[in-house]
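Read-outs: derived from the displayed coordinates by stated rules, not from any lab. Please read all numbers here as calculations on a predicted model, not as lab measurements. Note that each Cβ is placed from the backbone with ideal geometry, even for glycine, and that neighbours are counted across all protein chains shown.
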Amino acid sequence: MIGRRRFGDAGQAFPIYITVVGGLLFLAFAYLAVGQAAAHRNGAQTAADAAALAAAQETRDQLAGKWVQDILDPAKWQDIFDGDVQGLDPSCWRADELAAQNDAHVEACGPTGLLGYEVEVETDEPVGDSIVPGTESKYAKASATAVIEPRCTFELPGGDAEDGDGNEVLPLPQLTCEDENWDDLDPDDPTTLPDPEDLFDVHLAD
């Protein structure tokens, strides 16, 4: 009698056991799918951040080159630091390169204002098969904006000087970049000139 009851209890418990194990497996696969999708989104965001920063850094380097080109004309410095410069080359090609290095491609890229770049990317590979229908053909997307901020200030000195051709030019002012002062700037001596990262800071927008 007791033996039969135990056998009957075990028989009744077996379907419950199967149901519990099945539910646990489903939850495990669900968590795996969520983690898989989250990792894919993180990868897309990393690609977007890198692409936006690369495009902004390329523009920063061009602005720094313009500053060196016009270093003897301090009246043009502020426009350069404000990004108000004509003739800069497009920088989205750098965004394309960095997105590709992070297994993604650029969907949209363009300047935002005078000192920034906004980039949208999509991953090259889909999320993949999971218990969530449609993920095998779903691609992660992300966007990022990088901004360029001038780090330097200066004051135009009073009085004029003349160059070798008798043209009036302003004497070169002291350039202060954060806590560092740049005196005796000499365009013929690169060691006296700040690097692009000294002139401009590049970071992701908050």
What's the exposure ranking of Tyr117, Tyr139, going from fewest to most Cβ atoms within 10 Å? Tyr139, Tyr117
Gained length - Asp79 relative to Glu178, 0.36 nm times residue gap less alpha-carbon distance: 33.8 nm
Taking the beta-carbon count within 10 Å as an exposure proxy, list Leu156, Leu175 from fewest neighbours to most. Leu156, Leu175
